[in-house]
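The values are calculated or read from the model by the stated rules, or taken from the named source; none is laboratory data. Note that the structure is a prediction, hence the values are computed from the model and not measured. Here Cβ is always computed from backbone atoms with ideal geometry, including for glycine, and neighbour counts include all displayed protein chains. Please note that ligands, DNA and RNA were not included when accessible areas were found on the heavy atoms of the full protein model with its side chains. Shrake-Rupley method; radii C 1.70, N 1.55, O 1.52, S 1.80 Å.
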Amino acid sequence: MGISVLIGILITFLVIILVLYLVQRLPLDARTRQIAQIIIIIIGILSLLKYLAVF
């Protein structure tokens, strides 16, 4: 049980990092890019909290 939770957390973290990198590569203005990054980070934190059984 513990290993599967750890793998899920690791995969979620890597997906968050990949999506943030891809948003950086998009031709957006700075304000839109910042809003997208904040939304991605919030979604990532919520999904990580799901793995830690907070929700």
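The table below gives the values:
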item	result
Residue in segment 24-39 that is part of a helix (DSSP H, G or I), β-branched (Val, Ile, Thr) and touching a helix residue (DSSP H, G or I) at 6+ places or on another chain (Cβ under 8 Å) present	no
Flag for Ile3 being at pLDDT 90 or above and either in contact with a Gly (Cβ under 6 Å, 6 or more places away or on another chain) or open to solvent by 80 Å² or more (accessible area, probe 1.4 Å) (or both)	no
Qualifying residue in segment 32-45 (condition: open to solvent by less than 70 Å² (accessible area, probe 1.4 Å) and touching a Gly at 6+ places or on another chain (Cβ under 6 Å))	no
